[in-house]
Amino acid sequence: MSQKFIPLSVPNLKGKELEYVTQAIETEWVSTGGPYINDFESKIASYVKSKGAVSCQNGTAGLHIALDVCEVTSKDEVIVPTLTFIAAVNPVKYIGAEPIFMDCDDSLNMDSTKLREFCEDQCTFFEGKLINNLTKKHIKAIVVVHVFGNMADMEAIMDIAKKYNLKVIEDATEAIGTYYLSGNYKGRFAGTIGDMGVYSFNGNKIMTTGGGGMIVSNNLDYLDRAKHLSTQAKSDELYYTHDEIGYNYRMTNLQAALGLAQIEKLEDFIQTKKENYEFYKEKFEEIPGLKMMNFKENIRPNYWFYALYIEDDYSINRDQVIKYLASKKVQSRPIWGLISEQKPYAGSQVHKIEKAKEYLNHIVNIPCSSNLSKEDAEYVVQCFKRPEVI
């Protein structure tokens, strides 16, 4: 009997998804209106302890709206990470602003030390604005990504933001369920610390609505404006009066029905992913040349993606690992290509990109679905014990 295919990250739909979606279909509320949308927004806000939530089509749309709400314009610049998925940065260009790329630290998140250094040494703070000495433009915001469900150094980042009057938008698209266990933000969830946060429910996320996203904030005015923008900036529902350019960014009732079933199981998903991560970590410690990247000790991560570091003394390199695993019907992937090196961002300003280049060449993501069985995880580990060059 041939080995079955083990995917990287797929949905877990073993709750009440079919029941809720069927109800949505039977009541014929399937589009961007319907009770499930409001219910889902309320459940997300309650879960992450934010003052409210606004649903949207996907995480990218949420980031676009958040930048707009934070009044980032085409005259401004935004500090962003280079080590992330490109969807975290593209909305900066949607607005017409320019990104400035920052390196990562050993958690794979934005390096807060280099961020502070850049603001202190490469910028001037004048009349409440952080001005880039190179371009003379106003740096208005930071987009912080919580990579793979880890948490960026939000204490340091928020201190920097307050000092230099910067808005902070948290790209928590990979990190719903992650929160601090200690420190100034003890009990605070990823996405709820900055001015606005955004979650994604794409098919490969820890919980999914097929597509879809959610904007959260503790500023009710920001949330009201986010909802206004996401619904075509309609100021009069009856007479279709629009007071500015808006977006068709609302989530559908069908998606929200899925989301309600998923959030009911989210803590179970996190527990399973934690157990599988710890299993991998223990087993890979026994194989020279391999190590699992750690999650921070002062957080409860959601363990969304597992990052395996392929050391130089391992028998095969990153690309060979990916090809070999594919031959064994195990899906894996390299970490994203650095955004600052992508064609659309050629010529963008960067600041000391060093560690990101190292991790780019050494990290492989391995199967991490919340329905990954122990037998499948063991098979993945066994593949690494005697790898072959393909």
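So if I average 1/r over every pair of distinct C-alpha atoms in the stretch 315-390 and take the inverse, what Kirkwood radius in Å does that give?
14.4 Å
Obtain the nm distance between the two label points defined at Ala156 and Arg386 by a simple spin-label model: each point lies 7 Å from its Cα along the Cα-to-C-beta direction.
Roughly 4.5 nm, to one decimal.
Whole-Hz Karplus ³J(HN,Hα) for the stretch 272-278, in order, using 6.51 cos²θ - 1.76 cosθ + 1.60 and θ = phi - 60°, x for Gly and Pro?
Karplus-based 3J(HN,Hα) across the stretch 272-278 equals 5, 5, 5, 4, 5, 4, 5 Hz.
What FRET efficiency, computed as 1/(1 + (r/R0)^6) with R0 = 22 Å and r the Cβ-Cβ distance, is obtained for Asn90 and Asn294, rounded to the nearest 0.05?
Plugging the Cβ-Cβ distance into 1/(1 + (r/R0)^6) gives 0.15.
Can you tally the net charge around His242? Count Lys and Arg as +1, Asp and Glu as -1, for every other residue whose Cβ sits under 10 Å from the Cβ of His242.
For residues surrounding His242, the net value is -2.
At R0 = 22 Å, how high is the FRET efficiency between Arg116 and Glu341 if r is their beta carbon distance? Nearest 0.05 is fine.
0.35
Report, by chain and number, residues whose modeled amide H sits under 5 Å from the one on Ala307, excluding near sequence neighbours (fewer than 5 apart, same chain).
HN-HN under 5 Å from Ala307: Met293.
Give me the Kirkwood hydrodynamic radius of the stretch 266-383, using the inverse of the mean 1/r over all pairs of distinct Cα atoms, in Å to one decimal.
Radius from the Kirkwood sum: 15.6 Å.
Could you give the nm distance between label points at Asn248 and Glu267, where each point is 7 Å from its Cα heading toward the beta carbon?
4.0 nm
Just in the stretch 150-218: which trypsin sites (Lys or Arg not before Pro) are loop by DSSP and have at most 14 other Cβ atoms within 10 Å? Can you show the working numbers first?
Numbers: sites: Lys162, Lys163, Lys167, Lys186, Arg188, Lys205; in loops: Lys186, Arg188, Lys205.
In loop regions of the stretch 150-218 (DSSP not H, G, I, E or B), the sparsely surrounded trypsin sites (Lys or Arg not before Pro) are Lys186.
Quick query: amide H of Glu98 versus all other amide H atoms, modeled in the peptide plane; which residues come in under 5 Å with a sequence gap of 5 or more or a different chain?
Here the answer is Asp76, Glu77, Val78, since their amide H atoms fall under 5 Å of that of Glu98.
Residues with beta-carbon under 11 Å from that of Phe305, excluding Phe305: net charge, scoring Lys, Arg +1 and Asp, Glu -1?
Working: positive: Lys205, Lys273, Arg333; negative: Glu174.
Neighbourhood net charge equals +2.
Based only on other Cβ atoms within 10 Å, what is the fewest-to-most ordering of Thr241, Thr192?
Ranking Thr241, Thr192 by Cβ neighbours within 10 Å, fewest first, gives Thr241, Thr192.
For the stretch 59-76, just list the computed ³J(HN,Hα) in residue order, Karplus coefficients 6.51, -1.76 and 1.60, θ = phi - 60°, integers in Hz, with x standing in for Gly and Pro.
So the Karplus estimates, Gly and Pro as x, are x, 4, 4, x, 5, 4, 5, 4, 4, 5, 4, 7, 6, 6, 10, 5, 8, 9 Hz.
In percent, how large is the relative contact order of the stretch 266-383, given Cα pairs closer than 8 Å and 6 or more residues apart?
Dividing the mean separation by the residue count of the stretch 266-383 yields 32 percent.
In square nanometres, what is the average projected area of the Cα convex hull of the stretch 87-142? Please list the in-between numbers first.
Details: hull surface 17.4 nm².
Answer in nm², one decimal: 4.4.
Considering only Ile316, Ile215, Ile193, give the residue with the highest GNM mean-square fluctuation for the chain, with springs between Cα atoms whenever their separation is below 10 Å.
Ile316
From the Cα gyration tensor of the stretch 69-114, with a ≥ b ≥ c the square roots of its eigenvalues, which class applies: rounded if a/c is under 1.5, or else prolate if a/b is larger than b/c, or else oblate?
prolate
So what are the ³J(HN,Hα) numbers for the stretch 183-190, from phi and the Karplus equation (6.51, -1.76, 1.60; θ = phi - 60°), rounded to whole Hz, Gly and Pro as x?
With coefficients 6.51, -1.76 and 1.60, one gets x, 4, 10, 3, x, 8, 7, 3 Hz.
Starting from the amide H of Arg333, placed 1.01 Å from N in the peptide plane, find each other amide H under 5 Å away whose residue is 5 or more places distant or on another chain.
Counting only residues 5 or more places away or on other chains, the set is Asn365.
Restricting to DSSP loop positions (anything but H, G, I, E, B) with no more than 14 other Cβ atoms inside 10 Å of their own Cβ, which trypsin sites (Lys or Arg not before Pro) remain in the stretch 255-336?
When the trypsin sites (Lys or Arg not before Pro) of the stretch 255-336 are filtered for loop state and at most 14 Cβ neighbours within 10 Å, Lys329 remain.
Please name which of Trp304, Gln232, Ser74 has its Cα lying farthest along the dipole of the chain towards the positive end, using unit charges on Cβ (Lys, Arg +1; Asp, Glu -1) and the Cα centre as origin.
Trp304
Considering only the other residues whose Cβ falls under 14 Å of the Cβ of Thr32, what net charge follows from Lys and Arg at +1 and Asp and Glu at -1?
Neighbour charge sum, excluding Thr32 itself: 0.
Out of the stretch 286-390, which chymotrypsin sites (Phe, Trp or Tyr not before Pro) are coil in DSSP terms and have no more than 11 other C-beta atoms within 10 Å?
Nothing satisfies the criteria.
Using Cα-Cα distances under 8 Å and only pairs 6 or more residues apart, what relative contact order does the chain have, in percent?
On the way: 861 pairs, mean separation 91.7, N = 390.
After rounding, I find 24 percent.
All of the numbers you see were taken from the coordinates with simple rules; none came from a lab. Since the model is a prediction, treat every value here as computed from it, not as a measurement. Virtual Cβ from ideal backbone geometry, glycine too; neighbours counted across all protein chains shown.
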